[in-house]
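K.L.:
Starting off with a structure, shown below.
The values are calculated or read from the model by the stated rules, or taken from the named source; none is laboratory data. In this text, all values refer to a predicted model and were calculated from it rather than measured experimentally. Cβ: placed from backbone, ideal geometry, glycine included. Neighbour counts: every protein chain shown. These area figures cover heavy atoms from the full protein model, side chains too; ligands, DNA and RNA do not enter into them. Shrake-Rupley method; radii C 1.70, N 1.55, O 1.52, S 1.80 Å.
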Amino acid sequence: MSLHADLTATFTAEGAQSFRVDAEIEVERGESLVILGPSGSGKTLFLETVAGFHSHDGPVTLSGQRMDDTPPEKRDFGFVFQDYALFPHMTVRENVDFGSRYHDDTRDADALLTELGVGELVDRYPPTLSGGEQQRVALARALAVRPEVMLLDEPLAALDVPTRQSLRDDLADVLADATAVYVTHNRTTARALADRIAVMNDGQVVQSGTPEAVFHRPNSPMVARFTGSNVIDLEDAPSIRSVLDVPGDDVVALRPEAVGFGPEGDVRATVERVIREDATNRVTFAVDDVAIDAFADEAPAVGEEVWLTLSDDGAHVCRPPAASPV
Amino acid sequence: MSLHADLTATFTAEGAQSFRVDAEIEVERGESLVILGPSGSGKTLFLETVAGFHSHDGPVTLSGQRMDDTPPEKRDFGFVFQDYALFPHMTVRENVDFGSRYHDDTRDADALLTELGVGELVDRYPPTLSGGEQQRVALARALAVRPEVMLLDEPLAALDVPTRQSLRDDLADVLADATAVYVTHNRTTARALADRIAVMNDGQVVQSGTPEAVFHRPNSPMVARFTGSNVIDLEDAPSIRSVLDVPGDDVVALRPEAVGFGPEGDVRATVERVIREDATNRVTFAVDDVAIDAFADEAPAVGEEVWLTLSDDGAHVCRPPAASPV
Amino acid sequence: RGDTFVVAAATMGSILMVALGLPLFMFVARQQPSIVVEKALSSDVHRMLYLGVYGPLLAAIVSLAFGVPLAHLFSEGFTGQQLVESLVDLPLVVPHSVAGILILFGFGKGGAFPNVTVLGSMIGMILAMTFVSAPYAVNATREAFESIDDRLEYASRIHGASRWDTFRRVTAPLAIRGMVTGGVLAWARAVSEFGAVAVVAYSVSFFYPPAGGEVTTQHAPVFVYGTYLQGGLAESGAVAFILLGVSALIFLFIR
Amino acid sequence: RGDTFVVAAATMGSILMVALGLPLFMFVARQQPSIVVEKALSSDVHRMLYLGVYGPLLAAIVSLAFGVPLAHLFSEGFTGQQLVESLVDLPLVVPHSVAGILILFGFGKGGAFPNVTVLGSMIGMILAMTFVSAPYAVNATREAFESIDDRLEYASRIHGASRWDTFRRVTAPLAIRGMVTGGVLAWARAVSEFGAVAVVAYSVSFFYPPAGGEVTTQHAPVFVYGTYLQGGLAESGAVAFILLGVSALIFLFIR
């Protein structure tokens, strides 16, 4: 039940130029791969192509079996759509039972819905449900047919923050043992759910590896920025260059968690802005010509001059993508 | 230049039931009021009604002057829309200059766009711009006419996380001295930009006050949940009731920041889940029948038994809205 | 708010309303009841009404039966679609009498099917009606298909349904209103067709149950025209009045 | 993928394509060049073509001038809108010859404007054409107005533009394609109208520049019908062929 997809597909939207997706992924049994990328990077198209909704070149194999010409109904995937895509003319139970007549061994709709906390909705119609409820039903519909691989397209994106957190917890449970490919642009979701992350940009996978590797050793400024690192061109920040032990003309990714500050330290900085986030404060410092973010439980005053301490293992040289083999 | 709106309006969408907005806000000169609420709570409709796009009952006053029957073009507001709403048939410069022929003292489009970091886009057309660029242009268009009050409808919602953070910083600069009403469902954005927060639900303002008050002293479980607190019914958690000094039958909001843990403490708990967020780990504990979130720099192992310490000033009794005068 | 912009627009709009509404008003106001009653009791008019409902119904059914598959292909897209689309929309831009001429060239004497008689026959009338009304059935159904989110069909396929099952369980139920609308539009268009029918089948013979055998009459708009030429405005007005009344009743019934 | 579902749909669709396409093909294939040339050189045909372009043009302009304001009101919504909408769509469901009868009742002898002669006059023909084609101008323009995001108009208003200025600077420029489409549809509908024109103004006199004075001819579809009745299928086919050729040229030119 490992999935391997190495595909090339070209999409021509009406009135727009064509868009090319050309990427390779590999998922082992029981593994959750998260495809992380900005909107417009082609991650949804890639997932839909793997599912068989668009024609493509290059092999898609499931458990070693080529399925390039297999229609979607024969591919044994579950698919959860960003906008739910529930059948509006069927009840919740009928939605979840939809696939039962095409599969031998399906799960009971009522039991599955109860397990996902929406058992009382079985006789309602999807348009009357909230976003979070619809998404749980969509998840149940996909799980009901016991698919070999689950494909999930940003199932949390359209939800409110509290609903999102609660559904993310349930998704983590569901995905713990499943083989899954999960597409998102949210780095927290990616880190919460991924065994492995593939960062996608402009239709290509630009880096893939463990969450630890992708977040702490980004191979390009784009990946660094998208995973929340400070991206610092050392040419603009001589005082940082003197502290970090790297070649002089490089661009460095610096995790904000690795930046400390206090009355003593290595680099002089000014507090530019403090934003209260859930757990802590995000503090933006000005160092030479660059801005550096860090986190602090106690917020410093804006305008204050402080000293930063930079931890070497939170910094990583990220070369531009052209120079780095993907 | 203070704005006061106490309005009632009923909207009938096609095919849906009618929706009623009945809320009051007050903004002083130079103050930023953030209206925070879940999607569908009527915050956008409220803002559009203040701007004069929908008819309503009840007074809207700007600087003491009633403007219930004033058409939008005479109301002297700037408006930034969630989906940008740039004129697609005009260049960026023409968009920003749009209001200049109706106002005496407008700001120079090129200078303003340069200030917002998009000076090189003046001759482009909006459909060719990225979301972040479009939103900066929309901001410039609103600022160009030097409005007395800025109204902003989720200007960050449609943007990627990194773009959102960078634009949020610029918005904080712009709003620092402006009189503004800002609508969002994102509590981090709300806390970052607000002098005062009004929480909206089902077309009504259910609580309003400083960010500190709303986040730490929510007056209802809904507000508590929406601002990220743990909401605990003490009936389900006897071991917590014994620690906190509150009447027994109450519902308590508990900030996750106020929850510590270690080998010693007040309440026995099991680690249920750990999710890595940007700055820290979000740890979910099971205590009796309830789940409690906390933050931790070092992640504990799932399944581990620990002791929680609850700080009294992070806990607040939140009565259901019916019992609390708004 | 009654500002000048709205007033100006309302004034211009009202003039058009008068141009469209006044004829109907005067038409109703100027009817002579005695003639209307006389016509309403005439068996010629009854036959005309029967044919005027029944013929278009056949045309609408034919249009839907062949038009729905075509509409589904359109909504999915295929190569050469633009050419086929132009062909489907052709009857919308061809003058009505020319449409009749086209039918005679295509299916009449010396045309593609020598064994079929279209001139003055029921088959010819149905062909003429289908020719002008099929585009309505195709376009309305197509719009209904296109308004269905692609992802609903994806969801159906990925959960195991073939194309057939997807059409039967998801696409068709969601598009049923559009199909009904298309059928009604096609029927209404066929009812109102005058030119093509007048050229192809001015008078037709058909089996009329109350008479227990074949009778000859004209399609309703042709009948009205013939009455106008032979009997003048008042008589043809009475026939038209009855025709519109019956149409209105049928429309109310469908809704 | 050539599965059975697509094959079945394509088969059904193809039958409809034949029914719609074959007449056009046979029509072109069976033309007799000598008759076509003869008709193409006839000054009667030239006059008919002139009137067939010029009359509908006037009707389309009238439809747009009064229809655009109405379409804008529709897109904004007002009380009683449904009634007005039904009235605008009325000409779409009225049989064409009945539409002519309606016009005679409304504006003919004994109608609302005793000083206006519509029977057999240019004014009558334009009225008949406007009656049947105005709904197309209104509906296409309305669709264009409705497809404009409300927030663009809000944005215009809030930055200081009045309703007039918003219409002039934002709404109208964004809807211009829809207005052009509406005008072209109205024109095409007027060109193809046979029934209403045949009833109201079978023959009309108008100023024809090449002749330097008044001439009398028929609107194109009526002319084709008249030729069919008097000269038979071959002659009327040749006239129709020329008419379709000119129409096709004009359409290509507009695109």
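K.L.:
Taking into account only those residues within region B:85-111 that are of a type in the set (S, T, N, Q) and part of a helix (DSSP H, G or I), which is nearest to D:L174 (Cα to Cα)? First the steps, then the outcome.
P.N.:
The first filter runs over region B:85-111 and keeps only residues of a type in the set (S, T, N, Q), leaving B:91, B:95, B:100, B:106.
The next check asks that each one be part of a helix (DSSP H, G or I); those that pass are B:95, B:100.
Values: B:N95: 14, B:S100: 21 Å.
Taking the candidates together, the pick is B:N95.
K.L.:
Which residues, counting only those in region D:11-41, are without any contact (Cβ under 8 Å) to a residue 40 or more places away in the chain, open to solvent by 40 Å² or more (accessible area, probe 1.4 Å) and among the aliphatic types (A, V, I, L, M)? Full working, then the answer.
P.N.:
Going through region D:11-41, the residues without any contact (Cβ under 8 Å) to a residue 40 or more places away in the chain turn out to be D:11-26, D:29, D:33-34, D:37, D:41.
If we keep only those that are open to solvent by 40 Å² or more (accessible area, probe 1.4 Å) as well, we get D:11-12, D:14-15, D:18, D:24-25, D:29, D:33-34, D:37, D:41.
Result: D:M12, D:I15, D:V18, D:L24, D:A29, D:V37, D:L41.
K.L.:
A further question follows. Go through region C:138-164 and count every residue that is among the charged types (D, E, K, R) and either open to solvent by less than 10 Å² (accessible area, probe 1.4 Å) or away from chain A (no Cβ under 14 Å) (or both). Give the steps one after another, and end with the answer.
P.N.:
Here is the first cut: in region C:138-164, the residues among the charged types (D, E, K, R) are C:142-143, C:146, C:149-151, C:153, C:157, C:163.
Next, only the ones that are either open to solvent by less than 10 Å² (accessible area, probe 1.4 Å) or away from chain A (no Cβ under 14 Å) (or both) stay: C:142-143.
Residues that pass the stated criteria total 2.
K.L.:
Quick one: which residue in C:L57, C:L64 is in contact with a Phe, Trp or Tyr (Cβ under 8 Å, 6 or more places away or on another chain) and away from chain A (no Cβ under 14 Å)?
P.N.:
It is C:L57.
K.L.:
Here's something else I'd like to know. Report yes if some residue within region C:118-137 is touching a strand residue (DSSP E or B) at 6+ places or on another chain (Cβ under 7 Å), surrounded by 24 or more Cβ atoms within 10 Å (Cβ to Cβ) and either of a type in the set (A, V, I, L, M) or facing another protein chain (nearest Cβ under 10 Å) (or both); otherwise report no. It would help to see each step written out before you state the result.
P.N.:
Pass one, region C:118-137, residues touching a strand residue (DSSP E or B) at 6+ places or on another chain (Cβ under 7 Å): C:120-122, C:125.
Checking the rest, the ones that are also surrounded by 24 or more Cβ atoms within 10 Å (Cβ to Cβ) come to C:125.
Narrowing further to those that are either of a type in the set (A, V, I, L, M) or facing another protein chain (nearest Cβ under 10 Å) (or both): C:125.
Within region C:118-137, one or more residues are touching a strand residue (DSSP E or B) at 6+ places or on another chain (Cβ under 7 Å), surrounded by 24 or more Cβ atoms within 10 Å (Cβ to Cβ) and either of a type in the set (A, V, I, L, M) or facing another protein chain (nearest Cβ under 10 Å) (or both).
K.L.:
I've got another one for you. Being touching a residue at least 24 places away in the same chain (Cβ under 8 Å) and open to solvent by less than 30 Å² (accessible area, probe 1.4 Å) is the filter here; which residues of region A:161-185 pass it?
P.N.:
Hits for region A:161-185 are A:L167, A:R168, A:L171, A:L175, A:A178, A:T179, A:A180, A:V181, A:Y182, A:V183, A:T184.
K.L.:
A further question follows. Out of A:T106, A:T91, I need the residue that is in the same structural domain as A:D169 (by TED's automatic domain parsing), over 24 Å from A:V181 (Cα atoms) and among the β-branched types (V, I, T). Which one? Show your work before the answer.
P.N.:
Details: A:T106 fails: over 24 Å from A:V181 (Cα atoms).
It is A:T91.
K.L.:
Hey, another quick one. Could you check region A:202-239 and list, in sequence order, the residues that are part of a loop (DSSP other than H, G, I, E, B), more than 17 Å from A:V287 (Cβ to Cβ) and open to solvent by less than 10 Å² (accessible area, probe 1.4 Å)?
P.N.:
Applying the first criterion (part of a loop (DSSP other than H, G, I, E, B)) to region A:202-239 yields A:202-203, A:210, A:217-220, A:227-229, A:237.
From what is left, the residues that are more than 17 Å from A:V287 (Cβ to Cβ) are A:202-203, A:210, A:217-220, A:227-228.
Hits for region A:202-239 are A:G203, A:P218, A:S220, A:T227.
K.L.:
For region C:180-219, give me each residue that is of a type in the set (F, W, Y), more than 18 Å from C:A137 (Cβ to Cβ) and within 14 Å of chain D (Cβ to nearest Cβ). Explain how you work it out, then say what you get.
P.N.:
Looking only at region C:180-219, we keep the residues that are of a type in the set (F, W, Y), and these are C:187, C:194, C:202, C:206-208.
Filter once more, keeping what is more than 18 Å from C:A137 (Cβ to Cβ): C:194, C:202, C:206-208.
Within region C:180-219, C:F194, C:Y202 meet the criteria.
K.L.:
Now, a different point. Considering only region B:266-295, state which residues are away from chain A (no Cβ under 14 Å) and either hydroxyl-bearing (S, T, Y) or open to solvent by less than 30 Å² (accessible area, probe 1.4 Å) (or both). So that I can check it myself, show each step before the final result.
P.N.:
Keep residues of region B:266-295 that are away from chain A (no Cβ under 14 Å), which gives B:266-270, B:287-289.
Of everything in region B:266-295, those that are away from chain A (no Cβ under 14 Å) and either hydroxyl-bearing (S, T, Y) or open to solvent by less than 30 Å² (accessible area, probe 1.4 Å) (or both) turn out to be B:V267, B:A269, B:T270, B:V287.
K.L.:
Which of the residues spanning region D:165-179 are open to solvent by 10 Å² or more (accessible area, probe 1.4 Å) and more than 10 Å from chain B (Cβ to nearest Cβ)? Reasoning before the result, please.
P.N.:
First, the residues of region D:165-179 that are open to solvent by 10 Å² or more (accessible area, probe 1.4 Å): D:165, D:167-169, D:172-174, D:176-179.
Result: D:F167, D:R168, D:A172, D:R177, D:G178, D:M179.
K.L.:
Among the listed residues A:T61, A:T114, A:T44, which satisfies the condition of being part of a strand (DSSP E or B), open to solvent by 10 Å² or more (accessible area, probe 1.4 Å) and out of contact with any Gly (no Cβ under 7 Å at 6 or more places or on another chain)?
P.N.:
On the way: A:T114 fails: part of a strand (DSSP E or B); A:T44 fails: part of a strand (DSSP E or B).
None of the others qualify; the one that does is A:T61.
K.L.:
Of B:P127, B:P155, which residue is in a helix (DSSP H, G or I) and assigned by TED's automatic domain parsing to the domain that holds B:L36? Full working, then the answer.
P.N.:
Values: B:P155 fails: in a helix (DSSP H, G or I).
So the residue among B:P127, B:P155 that is in a helix (DSSP H, G or I) and assigned by TED's automatic domain parsing to the domain that holds B:L36 is B:P127.
K.L.:
Within region B:190-215, restricting attention to residues that are closer than 18 Å to A:V161 by Cα and not aliphatic (A, V, I, L, M), which residue is nearest to the other protein chains (Cβ to nearest Cβ)?
P.N.:
B:R191
K.L.:
Can you tell me which of (1) in contact (Cβ under 8 Å) with a residue 12 or more places away in the chain; (2) in a loop (DSSP other than H, G, I, E, B); (3) within 30 Å of A:T227 (Cβ to Cβ) is the one A:D6 doesn't meet?
P.N.:
Status for A:D6: all satisfied but (2).
K.L.:
Please determine, by comparing only the residues of region A:295-311 that are touching a Gly at 6+ places or on another chain (Cβ under 7 Å) and not polar (S, T, N, Q), which one is farthest from A:V243 (Cα to Cα).
P.N.:
Among those that are touching a Gly at 6+ places or on another chain (Cβ under 7 Å) and not polar (S, T, N, Q), it is A:V306.
K.L.:
Please specify each residue of region B:113-144 satisfying the condition of being within 20 Å of B:H89 (Cα to Cα) and in contact with a strand residue (DSSP E or B) (Cβ under 7 Å, 6 or more places away or on another chain). Write out each step before concluding.
P.N.:
To start, the set of residues in region B:113-144 that are within 20 Å of B:H89 (Cα to Cα) comprises B:113, B:118-142, B:144.
Those that are within 20 Å of B:H89 (Cα to Cα) and in contact with a strand residue (DSSP E or B) (Cβ under 7 Å, 6 or more places away or on another chain): B:A138, B:L139, B:A142.
K.L.:
Among the residues of region A:49-58, which ones are in a loop (DSSP other than H, G, I, E, B) and either in contact with a Cys (Cβ under 8 Å, 6 or more places away or on another chain) or within 12 Å of another protein chain (Cβ to nearest Cβ) (or both)?
P.N.:
Residues of region A:49-58 in a loop (DSSP other than H, G, I, E, B): A:52-56, A:58.
Correct list: A:G52, A:F53, A:H54, A:S55.
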